[in-house]
Amino acid sequence: MVQSILTHAIPPWLCAAGPHSDIVISSRIRLARNLAHHQFPARASLYERNAIFNEVSEGFSRANPGNSFNVVNFGNLDKNQRDFMVEERLASPDLATFDGDRGVIHDSARRISIMVNEEDHIRFQCLDSGLQTLTLWSEIDGIDDALGMQIDYAFDKRLGFLTCCPINAGTGLRISFLLHLPGCVLTRAIDAVLCGAGQMGVSTRGFFGEHSAISGALFQLSNSAAMGNTESEFCESTRAVVESIVDHERKAREKLLANARLELTDKIYRAYGILCNASLLSLEEFFNLTSAIRLGIECTLFDKCTIHELNRLTLFVLPEHLRVCMKKEIPENDIRAQRAELVKLFFSKHSTPQFPLR
Amino acid sequence: MEMCEQCGKQAATVHLTRIANEGTKVSHFCQDCAASQGLSAQQDIQQDLRECRHCHMKFSEFAISGRLGCPACYLEFEKEIDAMFVQMHGAKNHKGKAYSEHSEGSLGTADIQSLTKELAEAVKREEFELAALIRDKIRQRSDHAKIDRT
């Protein structure tokens with residue numbers, strides 16, 4: 001059973017590499033584009049959405065001949081398969097629930113994905129671990145240029161790229177980061193930090209984007225504006241804000257270690273105790289408990305697993321991954337029990353040096 | 001942050017756009033002053049029956065969902081969207097990447113004055129196909145301006 005955790009390659013955004021990856025779990029650049037002569041997906045008929053899907057995927061093949069990208073039409077997948085891709089962050093939750101032809105074009109590493117017929121006709125994204133902006137942007141920029149030669153984008157000289165929601169119009173750019181900020185939460189500095197970021201044009205959401213709740217001290221931060229600056233300027237200004245939050249978090253962690261080391265250790269090992277012994281674990285509780293474990297690993301107070309192993313586990317306790325991992329259908333009311341079982345197994349195996357994850 | 005134009009004490013969160021014969025007038029009120037005048041955002045939206053000529057999305061639908069129907073909606077509801085841009089982005093002009101294949105843009109929200117200039121230049125260069133396109137654009141835009149005033 002645990003074998004599948006070992007063999008399934010985790011997506012690059014969970015690889016805990018790149019600058020500041022002890023705090024910034026992942027960075028994502030998203031670019032919204034639309035075709036000039038079609039209605040936006042929500043308003044387009046099923047027939048028109050089919051035409052859009054074909055136009056984009058064919059344009060993409062012409063733009064990238066001999067590429068290794070996979071075109072996945074969500075209309076041909078069942079709900080479990082769609083949700084699996086949402087959990088890997090290759091697609092948004094919205095894309096999974098829409099109907100008609102829509103889907104994802106992604107590279108084999110699952111670092112770059114292009115959603116077709118989500119809120120906009122085209123949404124490029126490049127997702128990787130650690131704090132990165134310009135490198136991700138330059139990749140997306142190139143793919144956008146190539147596709148733009150093949151199909152007609154909706155573009156206006158004054159307004160820029162036109163999107164379904166005016167909040168994305170202009171550059172169509174959104175730069176977002178998944179941050180783990182337990183130090184700021186524990187020292188109660190978090191509200192001030194996020195409020196400050198808000199004033200600097202950076203807004204906050206939960207782990208799975210819009211409408212998702214915040215748990216486990218995981219925050220998704222992104223630029224609020226998409227117009228009035230160049231793409232590189234947005235990358236730089238957002239990065240600067242996130243770097244200052246990283247600083248705050250570092251100082252908060254140092255403060256905790258200097259003034260409340262025992263309390264912190266207690267919190268980490270209590271979390272460990274629950275994870276090892278619980279019979280039922282909701283996702284929210286899992287995130288809250290592993291937040292302490294994650295902090296413990298980063299502060300070298302906890303050595304029963306590495307960040308890589310914890311990230312792998314974090315992906316596999318999500319409902320669809322859990323189903324794949326357990327190789328069976330799990331009824332909705334049994335998910336918490338199965339999750340607890342996997343977590344228990346994960347930690348118990350880690351207590352022996354023979355376990356292959358080490 | 002814009003202040004309420006009536007009391008001048010609180011931040012203006014209600015923005016009323018009145019469309020009358022002489023053009024539009026935008027007023028800004030705080031929640032309390034808006035309520036004291038019996039203003040409810042919902043009411044005004046429902047009375048706005050304009051729709052996009054391309055996709056037939058009604059302005060009232062957009063005001064509720066925040067989502068537009070097609071790229072041409074930007075031209076149809078230009079004034080309102082411009083006001084939203086200032087609130088959302090603090091800007092209403094794109095400064096980033098240009099789409100070089102179509103640097104004219106698919107809508108052309110350039111004003112009539114600059115279009116007329118472009119038209120004259122195109123004629124001078126004897127690029128009549130381009131000139132015809134620009135002429136159509138000017139016509140469309142002046143029609144649009146007329147609709148706005150009725």
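Values quoted throughout were computed directly from the atomic coordinates according to the rules given, and no laboratory measurement underlies them. Everything numeric in this text was worked out from a predicted model, so none of it was measured. For neighbour counting, all protein chains shown are included, and Cβ atoms are generated from backbone atoms with ideal geometry for every residue, glycine included.
A few remarks follow.
- Förster radius 30 Å - calculated FRET efficiency between B:ASN93 and B:THR116 (Cβ-Cβ, nearest 0.05): 0.90
- Close amide H partners of B:GLU51, meaning residues 5 or more places away or on another chain with modelled amide H under 5 Å apart, are B:PHE59.
- Under the Karplus curve 6.51 cos²θ - 1.76 cosθ + 1.60, θ = phi - 60°, whole-Hz ³J(HN,Hα) for segment A:63-77, x wherever Gly or Pro sits: 6, 10, x, x, 7, 10, 7, 9, 9, 10, 8, 5, x, 9, 9
- Karplus-derived HN-Hα couplings along segment A:43-52 (A = 6.51, B = -1.76, C = 1.60, θ = phi - 60°), whole Hz, x at Gly and Pro: 9, 6, 6, 4, 4, 5, 5, 5, 4, 5
- Anisotropy class of segment A:263-308 from Cα gyration tensor, a/c 1.5 cut: prolate
- 23 Å Cα-Cα reach of B:LYS97 towards lysines, excluding residues that sit fewer than 8 places from it in its own chain: A:LYS157
- Counting only aspartates and glutamates at least 8 places from B:LYS9 when in the same chain, those with an alpha carbon closer than 15 Å to its own are B:ASP32.
- 222 nm mean residue ellipticity, helices alone, for chain A (DSSP H n ≥ 4; -39,500 (n - 2.57); rounded to 500): -14500 deg cm²/dmol
- Excluding the site residues themselves, the longest part of chain A lacking any GluC sites (Glu not before Pro) in a DSSP loop with at most 12 other Cβ atoms within 10 Å is A:1-209.
- Taking a straight Cα-Cα cut-off under 27 Å and skipping sequence neighbours fewer than 8 places away in the same chain, the lysines within cross-link reach of A:LYS267 are A:LYS251, A:LYS255, A:LYS304, A:LYS344, A:LYS349.
- Gyration tensor (alpha-carbon) shape descriptor, chain A, a/c threshold 1.5: oblate
- Using θ = phi - 60° and Karplus 6.51 cos²θ - 1.76 cosθ + 1.60, couplings along segment A:92-99 (whole Hz; Gly, Pro as x): 8, x, 4, 4, 5, 8, 5, 10
- 5 angstrom amide H check on A:TYR153, placed H, neighbours 5+ away: A:ALA36
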